[in-house]
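In what follows, a single structure is set out as structure tokens and then discussed.
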Amino acid sequence: MNPLARHRRTLVALAALVAAPLAAHGLVGVFVRVVPPAITVPALERGGSAGMTTAGAGRATRARGVIEAHLSGTPEEIGAQHSTLLYRPMVENERDVWAGFSAVVPFAPARAAMFDFGRVRHRNVDKNFPDHRRRELAAQAARFSPDPYEGRLPTYERMVFLHALYDISLGFEGSPLLGCSAFGLGGAATVDGHTLVARAFDFDVAEVFDRDKAVFFVKPAGAIPFASVSWPGLVGVLTGMNAEGVFVSVNGARAREPETRGVPVVLSLRETLERAHTTEEATRILADQEVMVSHLVFVADARGSFAVVERAPHTAAHVVTHFRDSARVALTNHFEGPLKDDPRDRAVRATSTTLARRARLDELLGTVPARSATPTSTLAMLRDHTCARSEGPCALGDRRTIDALIATHGVIADTTARTLWVSAGPHLSGRFIGFDLSRELATNEGTAPVREPMPLPEDPLLHDASAYAEGRKRAGGPLLAAPPRTP
């Protein structure tokens with residue numbers, strides 16, 4: 001028998017095996033499209049000098065180690081300013097993410113299959129975005145030109161998925177987002193009676209999110225101005241405070257089944273900052289929103305009021321406003337309300353570091369005398385490298401500590417004075433840069449007094465290179481370890 005005839009069935013089967021994924025990939029590209037709304041994109045000229053970039057009413061600089069971006073106007077104007085000002089870091093950061101993803105999943109067809117699955121499952125995700133946010137993203141996508149990655153996913157669609165990335169990531173077991181710690185100190189615990197909040201965002205996905213962090217000062221037309229700490233390209237809020245002194249931050253958690261419908265966390269928190277004048281108003285806004293995935297929101301305001309909002313899909317939000325000690329409040333990554341009996345939350349308690357970090361936070365807060373805390377002492381607690389007594393001794397970089405040398409950003413906020421301090425990097429170890437929001441968010445430029453807050457000092461550990469390197473090695477690298485950038 002002809003050898004070709006003998007193996008014809010095998011060859012046909014192999015051809016089908018190769019052709020089927022390619023055909024499926026092609027069909028996904030044709031039938032699954034996230035289409036931007038029709039908008040008029042503002043025409044902006046990119047200019048500037050002396051280290052500052054300008055675009056219309058927007059401006060950006062990197063004078064103090066972090067990107068500082070001022071955006072204002074309509075959704076279309078803000079979106080256009082965003083990409084025009086930050087085009088280069090957006091391109092470079094996305095290059096690192098793609099490179100890291102390729103290193104983790106080196107087989108190209110497997111990467112394509114993963115993206116196809118995500119595109120199909122979340123094909124309607126932007127239908128949950130407020131219309132004004134879709135318009136802002138459409139303008140941002142239009143001004144992101146040329147787009148080096150358009151062949152992988154269309155620009156607008158990619159930016160939409162970026163803003164649901166936190167929710168999608170939290171839906172996976174073993175998510176790198178279950179490492180955030182936050183705490184608040186009320187007026188009875190602080191030296192000047194102000195309210196202080198500290199937060200470490202451990203988005204352990206890629207080094208680029210720490211290296212190229214951005215502080216946005218946004219003045220939306222018809223809404224409350226706010227500051228947000230994230231990275232170039234993200235228009236939503238992970239950690240932020242508005243001109244009224246309302247502070248919000250998100251901590252990952254796990255309960256109930258993730259949904260494909262609902263408002264992404266980062267857009268939910270942005271909506272809250274644009275509308276809320278107090279903690280009470282913020283909790284009402286948060287409780288009214290449908291969510292895609294379970295999580296915790298820490299809220300504080302200029303009046304010294306704290307709240308924790310526990311949210312999950314198809315579940316009424318659980319709002320906590322009364323605490324055992326109203327001047328010392330802590331939060332990690334597990335539920336303490338009705339969702340604490342959910343099997344997923346029990347698994348988080350059993351397998352993650354949330355209980356260990358919470359125990360250490362409670363120990364630290366218990367040592368704060370009345371009327372003693374300052375921003376500097378608060379930062380020292382956020383940088384704590386010791387395990388709780390119940391955990392026994394641990395080494396630098398142990399993920400059961402508050403600061404395991406992995407945080408993407410850290411923030412200290414004085415909600416009374418409307419002051420933010422933001423980590424310049426690496427992680428929580430470098431100095432924290434101060435921002436006076438009364439000036440940065442002033443609606444009339446030049447009317448607020450210039451009062452640059454002094455930076456908070458770097459961690460002395462940074463000067464012990466061998467110990468620091470050993471701690472970083474012990475903590476382990478991020479999920480997507482991109483190769484070093486070429487100069």
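The values are calculated or read from the model by the stated rules, or taken from the named source; none is laboratory data. What you see is a predicted model, and the numbers here were worked out from it, not measured in a lab. Every residue, glycine among them, receives a Cβ derived from its backbone with ideal geometry; neighbour counts consider all protein chains shown.
Any chance segment 262-277 includes a residue that's outside any helix (DSSP H, G or I), touching a Pro at 6+ places or on another chain (Cβ under 7 Å) and in contact (Cβ under 8 Å) with a residue 60 or more places away in the chain? Yes - at least one qualifying residue is present in segment 262-277. Using the structure shown, decide if residue 259 is surrounded by fewer than 19 Cβ atoms within 10 Å (Cβ to Cβ), at pLDDT below 95 and among the acidic types (Asp, Glu). Criteria met by residue 259. Listed by first and then second residue, the pairs with beta-carbon distance under 7 Å, at least 6 apart or on different chains, first residue in segment 247-259 and more than 20 Å from residue 307 (Cα to Cα), second in a strand (DSSP E or B), are 256/312; 256/315. Has segment 213-222 got at least one residue that is assigned to a strand (DSSP E or B), among the small types (Gly, Ala, Ser) and in contact with a Phe, Trp or Tyr (Cβ under 9 Å, 6 or more places away or on another chain)? There is at least one residue in segment 213-222 that is assigned to a strand (DSSP E or B), among the small types (Gly, Ala, Ser) and in contact with a Phe, Trp or Tyr (Cβ under 9 Å, 6 or more places away or on another chain).
This table checks each residue for (1) out of contact with any Asp or Glu (no Cβ under 8 Å at 6 or more places or on another chain); (2) surrounded by fewer than 22 Cβ atoms within 10 Å (Cβ to Cβ); (3) farther than 23 Å from residue 66 by Cα.
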| residue | (1), (2), (3) |
| --- | --- |
| 155 | no, yes, yes |
| 191 | yes, yes, yes |
| 195 | no, no, yes |
| 204 | yes, no, no |
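Of all residues in segment 359-387, exactly one satisfies the criterion of being in a helix (DSSP H, G or I) and over 21 Å from residue 190 (Cα atoms), namely 359. Taken as a whole, the structure places residue 414 among residues that are farther than 30 Å from residue 476 by Cβ, touching a strand residue (DSSP E or B) at 6+ places or on another chain (Cβ under 9 Å), crowded, with 22+ Cβ neighbours inside 10 Å and not hydrophobic (A, V, I, L, M, F, W, C). Going through 349, 358, 324, 328 one at a time, which residue ends up being without any contact (Cβ under 8 Å) to a residue 12 or more places away in the chain and closer than 29 Å to residue 394 by Cβ? Of the residues listed, the single one that is without any contact (Cβ under 8 Å) to a residue 12 or more places away in the chain and closer than 29 Å to residue 394 by Cβ is 324.
Anything in segment 462-475 that is surrounded by 14 or more Cβ atoms within 10 Å (Cβ to Cβ) and without any contact (Cβ under 8 Å) to a residue 60 or more places away in the chain? List them, or say none. Across segment 462-475, the qualifying residue is only 462. Just one of the listed residues (250, 229) is surrounded by 24 or more Cβ atoms within 10 Å (Cβ to Cβ), of a type in the set (Val, Ile, Thr), closer than 20 Å to residue 439 by Cβ and touching a His at 6+ places or on another chain (Cβ under 6 Å), and it is 229.
Once segment 67-121 is narrowed to residues that are more than 20 Å from the chain's Cα centre (by Cα) and part of a strand (DSSP E or B), the residue that is surrounded by the fewest Cβ atoms within 10 Å (Cβ to Cβ) is 73. Quick one: would you say residue 296 is part of a helix (DSSP H, G or I) and in contact (Cβ under 8 Å) with a residue 12 or more places away in the chain? No, not satisfied.
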